[in-house]
1. If a residue must be charged (D, E, K, R) and under 12 Å from the mean Cα position of the chain (by Cα), how many such residues does the stretch 61-76 contain?
2. Select from the stretch 1-18 the residues that are loosely packed, with under 15 Cβ neighbours inside 10 Å and more than 24 Å from Lys61 (Cα to Cα) and write down the one among them that is modelled with the lowest pLDDT.
3. Does Phe47 satisfy the criteria of being modelled with pLDDT under 95 and open to solvent by less than 20 Å² (accessible area, probe 1.4 Å)?
4. Quick test for you: out of Arg42, Arg85, Arg21, pick the one residue that is open to solvent by 20 Å² or more (accessible area, probe 1.4 Å) and within 14 Å of the chain's Cα centre (by Cα).
5. Closer than 15 Å to Gly92 by Cβ and either free of Cβ contacts under 8 Å to residues at least 24 places away in the same chain or outside any loop (DSSP other than H, G, I, E, B) (or both) - does that describe any residue in the stretch 8-20?
6. When the residues of the stretch 119-128 are narrowed to those that are surrounded by 11 or more Cβ atoms within 10 Å (Cβ to Cβ) and in a helix (DSSP H, G or I), which ends up modelled with the highest pLDDT?
7. In the stretch 34-91, what residues are of a type in the set (S, T, N, Q) and either free of Cβ contacts under 8 Å to residues at least 24 places away in the same chain or out of contact with any helix residue (DSSP H, G or I) (no Cβ under 6 Å at 6 or more places or on another chain) (or both)?
8. Condition test on Pro102, is it under 22 Å from Pro17 (Cα atoms) and either crowded, with 17+ Cβ neighbours inside 10 Å or among the basic types (Lys, Arg) (or both)?
Amino acid sequence: MKSLYNPQFDEYASGIPDQPREIIERLNQLLLSYPGMHCKIRFKIPFYDCKSWICYLNPLKKGAVELVFLRGNELIDESGLLEARGRKMVKGIIISDIDNIPFDTIHQILLQALLIDELMPTIGESIREARKKRSI
């Protein structure tokens, strides 16, 4: 399935085995359906951002894919699907079957992540503001 949004993503996806590729392509379509969301391949995997990095897709062994939220520690997950897996800030949802993607849960979590992104300054903005205050 070709992405209308990003040829760089299409090239990336073409190198992924069938099962995780189908999951990654479906999640890519979902993520890019949100206003202002962009995809860029960074560190050899797809990252999604608006003002700052929101999430990324990480193919795992045995055909699973993890949808990882960079500010996962700040998100409320009533479903219990977000897993830290020993990480302090990021949390992810592991998806191993294209027919069982938890779209409702992803939507609820993604809305929170987008709100945090909209309301919180990026690190770059914070650094620029701090420099301005020092120079005054």
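The values are calculated or read from the model by the stated rules, or taken from the named source; none is laboratory data. Just so it is clear, the model here is predicted, and its values are computed rather than measured. So basically every Cβ, Gly included, is an ideal-geometry build from the backbone, and we count neighbours across all protein chains shown. Note: areas computed on protein heavy atoms with side chains; ligands, DNA, RNA excluded. Shrake-Rupley method; radii C 1.70, N 1.55, O 1.52, S 1.80 Å.
1. 2
2. Only one residue tops the list, namely Leu4.
3. Answer is no for this residue.
4. Exactly one of Arg42, Arg85, Arg21 is open to solvent by 20 Å² or more (accessible area, probe 1.4 Å) and within 14 Å of the chain's Cα centre (by Cα), namely Arg42.
5. Yes: the stretch 8-20 contains one or more residues that are closer than 15 Å to Gly92 by Cβ and either free of Cβ contacts under 8 Å to residues at least 24 places away in the same chain or outside any loop (DSSP other than H, G, I, E, B) (or both).
6. Arg128
7. Once the filter is applied, which keeps residues that are of a type in the set (S, T, N, Q) and either free of Cβ contacts under 8 Å to residues at least 24 places away in the same chain or out of contact with any helix residue (DSSP H, G or I) (no Cβ under 6 Å at 6 or more places or on another chain) (or both), the stretch 34-91 yields Asn58, Asn73.
8. It is false that Pro102 is under 22 Å from Pro17 (Cα atoms) and either crowded, with 17+ Cβ neighbours inside 10 Å or among the basic types (Lys, Arg) (or both).
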